[in-house]
Amino acid sequence: MTASTPHDFGVVAEHGDSFEFHVSEAAGEVCRLIDVAQTERGPRRNELAGIASAAWRKISVRVVRELAEGMGEAERTRAVPRLKTGVNRLSPLIGRELAVLLWALQEEGADAQLEAILHGWRELAREERWWLYAKAAAPGQRTGIGWRRALFHALSEAADSRAETLTPEKKSPQKASSRRSSNRSRLAESPSATGPAQEKARKRKTAAAAANPS
């Protein structure tokens, strides 16, 4: 992938923490998500996740649409948010949402569960994605174990359990808005959705099973 001027996906602070998503459309290449933290010595970059460009091409339109639909007014610019080939700068909020999806997609077995994982991720509210990011980004978490592996199981199983799998054509903005409202109401009414007892116990059980298969 050739060097290019970074493209901002929505509003991104010029000198604040951010994420970079390097998109390549070349066969055999990898699309990479990088955390960019500002320090006294300058930006510190840490690669968080990467998936094959072929896999990204299959889901990119729906991922971009989902991220854009969830953005608040303060996160938007006049231009329609889109990801370009090359380097894309993302706000911390958007970057965390994307990281959750990419972590699940780089797990073993994800190629066969691509649509299921994408659907499960789209069904999450933004607040749920941010909470999952905090868990999966904690020290000691890595591909194949703990919360990273739990994400794969949770997202693929959540989608498989639904009777209908939404396609890009079937999912209307009205349905997306209704789904997000429902998710937000559930979060407000039941704290367990964002992490307390029941949800934590279920996720930990899934992670433990993934990390210690019998």
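Here, each number is a calculation from the coordinates, and none is a lab measurement. Treat the numbers as computed from the prediction; the structure is a model and nothing was measured. Every residue, glycine as well, gets a Cβ built from its backbone with ideal geometry; the counts of neighbours run over all protein chains shown.
Between R76, R122, R82, R89, which is over 14 Å from D8 (Cβ atoms) and of a type in the set (K, R)?
Checking each option against the conditions leaves just R122.
Here's the yes/no breakdown for (1) in contact with a Phe, Trp or Tyr (Cβ under 7 Å, 6 or more places away or on another chain); (2) of a type outside the set (F, W, Y):
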site	(1), (2)
E107	yes, yes
E115	no, yes
Y133	no, no
I145	no, yes
R148	yes, yes
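Report the residue count in segment 47-80 for those that are surrounded by fewer than 17 Cβ atoms within 10 Å (Cβ to Cβ) and in a loop (DSSP other than H, G, I, E, B).
Of the residues in segment 47-80, 6 are surrounded by fewer than 17 Cβ atoms within 10 Å (Cβ to Cβ) and in a loop (DSSP other than H, G, I, E, B).
Residue pairs, Cβ under 7 Å, 6 or more apart or interchain, first in segment 98-110 and in contact (Cβ under 8 Å) with a residue 24 or more places away in the chain and under 15 Å from F21 (Cα atoms), second outside any loop (DSSP other than H, G, I, E, B) and among the hydroxyl-bearing types (S, T, Y). List them.
A99/Y133; V100/Y133
Going by the conditions given, is I51 within 19 Å of T143 (Cβ to Cβ) and not acidic (D, E)?
So I51 passes the test.
Looking only at segment 1-46, which residues are more than 30 Å from E73 (Cβ to Cβ) and crowded, with 16+ Cβ neighbours inside 10 Å?
Correct list: M1, S24, E29, V30.
Could you check, for segment 58-65, whether at least one of its residues is within 27 Å of I145 (Cα to Cα) and of a type in the set (S, T, N, Q)?
Yes, that holds for at least one residue.
Of all residues in segment 98-151, count the ones that are touching a helix residue (DSSP H, G or I) at 6+ places or on another chain (Cβ under 6 Å), assigned to a loop (DSSP other than H, G, I, E, B) and crowded, with 20+ Cβ neighbours inside 10 Å.
2
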